[in-house]
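Undergrad: The following block contains the structure, expressed as structure tokens.
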Amino acid sequence: MAIISSKDTIGLIHAPLGRDAQIAASLLREVGVTPTVAPDLASFVASLSDDVVFAIITEETLRSSDLRAMSAWIEAQPSWSDLPFIIMTNRGGGAERNPGASRLSEILGNVSLIERPFHVTTFVSVARSALRGRRRQYEARLRIEALDEGERRLQTAMEAGRLGAWELDLATKELFTSPTCRRIFGRGSDDNFTYLDLLDSIHPDDIARVQEAIDVTVATGADYSTEYRTIWQDGSIHWAEIHAQLYRDRSGTAIKLVGVSADVTARMKAEEHQRQLNEILEERVAERTLELEEAHAAVMAEVSQRERAEEQLRHAQKMEAIGQLTGGVAHDFNNLLMAVLGNLELLRKHVGDDAKAARLIEGAQQGAQRGASLTQRLLAFARRQDLKIGPVDLGALVLGMEDLLRRSVGSAIRIQSSLPDRLPLVSADSNQVELALLNLAVNARDAMPDGGAISIGLKEMQQLSKTDTLAAGHYVVLSVVDQGHGMNEDTLQKAIEPFFSTKELGKGTGLGLSMIHGLALQLKGDLRLTSAIGKGTTAELWIPVSTTAISLEALDPTPASEERALSPKKILLVDDDVLIAMSSADMLSDLGHEVTEAHSGREALEYLGNGNGFDLMITDYSMPGMTGAELAKAVREITPNLPILIASGYAELPPDADLDVARLGKPYTQTQLATEISKLIATDQP
């Protein structure tokens, strides 16, 4: 990995007597180092910097000079830096032959001696050795900076998730806590909070269980995970959730616990309330059951059915709550990725022929796009992803994916397909269905580590009556069947929950089946799983038959952006997030448009009221004070014919946002932005 280029390799020289400076400068140029000659010691010290790869100086210059300024600069170097000094001396050797060398080493630190007269090869060798050492220091600087950046990102993520960090020294019982952690225990951000304070804050009924969990972790190395009640200084009772890992030294001795804490009071109160409701419900069911048993036994079946319905309702409520939380988090991350991807896309246009910069940007883009893919899975589970639904031929889709599926599952797995010749088209998003099929095939492969066969089938089915998960009607069922180890009933019930996975750590996100389940519900279909230990798993994706024919427009491969060249427009950009507004404005300006930024609906209306003559308004939907939908309605009162484009991370705007406006899903690329603008302007103009 190159750290410095030849134009940046600066060698600083101070050799005022004879031709030493001229010779050294000439030799440095031969090895690709740019020489900088300092005429006196003061300018030599003033020229010292982190950009200097090594310094060359004569011994006689140092022998009678005041070296305090130079020593101060050396002492002030950052931790990664140890600037190499090459000293030209009339006497080589160590401290016995050249006592002055020992003194210089104490002052300058990283010292190499060259005895005059020196051979060119010797000088070049010493210079290259010093250059290699300095390059390693620059590499260390980059690693330190990367670690610092990683710590900042981790701190931001923890603050966003309201997680408190802590660390406990097991030998000294010294406790280190973050401000968020102290607030979780009812303390101020700057309050002192010791391990004894922590123990005193734990509810007396929970202290033994907490200590037992710590002892188990120290003894076995298992992760520390527990929930307990805390008593704040005002006497109020709260709940804290704690997770931690054990760290050992090289000898295997447990030395510290490092973990995070979260305030789960609201969740525990909600669960307690739900438990109370369940207890009341169970009491009523028990009373009713007793009455029914006394009256008539073919009624017991009705009670059993009611209990199953209640359990399904509780599970549905739980999944809905998780979905709402997941969708909200994914929406916020979409906004963050919007700024990252937009800036990277523009930055890539300005790197020119810098291959390293292009490679770094490409890596950052791939990471951000993986993040965007993850948020799409989360939005799919929450049924908020942006789908492009149209008529899809599932038979052609499966046939077109056969090569990809075979490469994905490997040579140890056989793929068998059963595809009828004639099947009706379904109403779906072909890209999302392809992703779902690929996920199901990979899951099937992972369930058969010793190899086996995956059967992929399509069949037309008719749902005669409405069920809890499916409306009556015609469907095409895509099935994926494996011969793997299967799942028990408990695992099967949890399979579609987000982040639940039976795979080893690092081999699965736990989002595959939850994404497919969310996709199925969003398509008004269903995902059905059947499995048994040792008998494999069958996954069925039910997709409704399409009632829409394929239009000629859908078959036209010409992008809208190529049909008509778009002249520069005057655009009003509205987004309360300054980072996203800046990124979007840069993309629009790069396309040649004149952009005016507004950071609230009120500010946007002021610009429009001043008669600026905008050609188009692009606005975010989720803004405090005035949403994008409310702004669009207000704009319609001022300039009824102004084209409006609303950007949102959600698949659908709320019902109250019933507006005749164009919509762009986040995160979007510059190309997608240009295409939507072109469509909107083309539609608005004759």
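Just so it is clear, none of the values below were taken in a lab; they were calculated from the coordinates. Remember, predicted model here, so these are calculated numbers, not experimental data. Counting neighbours? That spans all protein chains shown, and the Cβs are built from the backbone with ideal geometry, glycine included.
Undergrad: Taking amide H positions as placed 1.01 Å from N in the peptide plane, with prolines and chain starts having none, which residues 5 or more places from V37, or on another chain, fall under 5 Å of its amide H?
TA: Counting only residues 5 or more places away or on other chains, the set is I13.
Undergrad: Using the Karplus curve 6.51 cos²θ - 1.76 cosθ + 1.60 with θ = phi - 60°, work out ³J(HN,Hα) for each residue of the stretch 567-580 in order, rounded to whole Hz, and write x for Gly and Pro.
TA: 6, x, 10, 9, 10, 9, 9, 10, 7, 6, 8, 4, 5, 5
Undergrad: Which residues' amide hydrogens lie under 5 Å from the amide hydrogen of I454, considering only partners 5 or more residues apart or on another chain, with H built in the peptide plane?
TA: Result for I454 returns R414, I415, Q416.
Undergrad: For the stretch 161-263, what relative contact order do you get, as a whole percent, if you take Cα pairs closer than 8 Å and at least 6 residues apart? Walk me through the numbers on the way to the answer.
TA: On the way: 194 pairs, mean separation 31.1, N = 103.
Once normalised by length, the contact order is 30 percent.
Undergrad: Would you order Y247, Y668, Y228 from fewest to most other beta-carbon atoms within 10 Å of each residue's own beta-carbon? Don't skip to the answer; put the middle values down first.
TA: Numbers: Y247 13, Y668 21, Y228 17.
Ranking Y247, Y668, Y228 by Cβ neighbours within 10 Å, fewest first, gives Y247, Y228, Y668.
Undergrad: Sequence gap at least 6, Cα distance under 8 Å: using those rules, report the relative contact order of the stretch 6-145 to the nearest whole percent.
TA: Here the relative contact order equals 23 percent.
Undergrad: Sticking with this structure for a sec: Once a ≥ b ≥ c are taken as the square roots of the eigenvalues of the Cα gyration tensor of the stretch 390-544, is the result rounded (a/c under 1.5), prolate (a/b larger than b/c) or oblate (a/b not larger than b/c)?
TA: oblate
Undergrad: Quick one: if the Förster radius is 22 Å, what FRET efficiency do A270 and K494 give, using the C-beta to C-beta distance and rounding to 0.05?
TA: 0.60
Undergrad: If the viscosity is 1.567 mPa s and the temperature 4 °C, what Stokes-Einstein diffusion coefficient in µm²/s follows for the stretch 560-684 when Rh is the Kirkwood radius over Cα pairs? Numbers along the way, then the final one.
TA: Values: Rh = 14.4 Å.
Estimated diffusion coefficient is 90 µm²/s.
Undergrad: Follow-up question, since we're still on this one. Add +1 for every Lys or Arg and -1 for every Asp or Glu among the other residues with Cβ under 10 Å from the Cβ of A647, and state the total.
TA: -1
Undergrad: Still on this model: List, in order, the whole-Hz ³J(HN,Hα) value for each residue of the stretch 393-402 obtained from phi through the Karplus relation with A = 6.51, B = -1.76, C = 1.60 and θ = phi - 60°; use x for Gly and Pro.
TA: Ordered by residue, 3J(HN,Hα) equals 8, 5, x, 5, 4, 5, 4, x, 9, 4 Hz.
Undergrad: Follow-up question, since we're still on this one. Quick one: M515, M70, fewest Cβ neighbours within 10 Å first, how do they rank? Walk me through the numbers before you get to the answer.
TA: Details: M515 27, M70 21.
Listed from fewest to most nearby Cβ atoms, that is M70, M515.
Undergrad: Compute the distance in nm between two label points, each set 7 Å from the Cα along the Cα-to-Cβ direction, one at R128 and one at S189.
TA: 5.5 nm
Undergrad: Here's another thing I want to ask about it. Return the sequence-ordered ³J(HN,Hα) values of the stretch 626-636 in whole Hz as given by the Karplus equation 6.51 cos²θ - 1.76 cosθ + 1.60 applied to θ = phi - 60°, using x for Gly and Pro.
TA: 9, 6, x, 5, 5, 5, 4, 4, 5, 5, 4
Undergrad: Here's something else I'd like to know. Once you sort the root eigenvalues of the Cα gyration tensor of the stretch 6-145 as a ≥ b ≥ c, which label holds: rounded (a/c under 1.5), prolate (a/b larger than b/c) or oblate (the other case)?
TA: rounded
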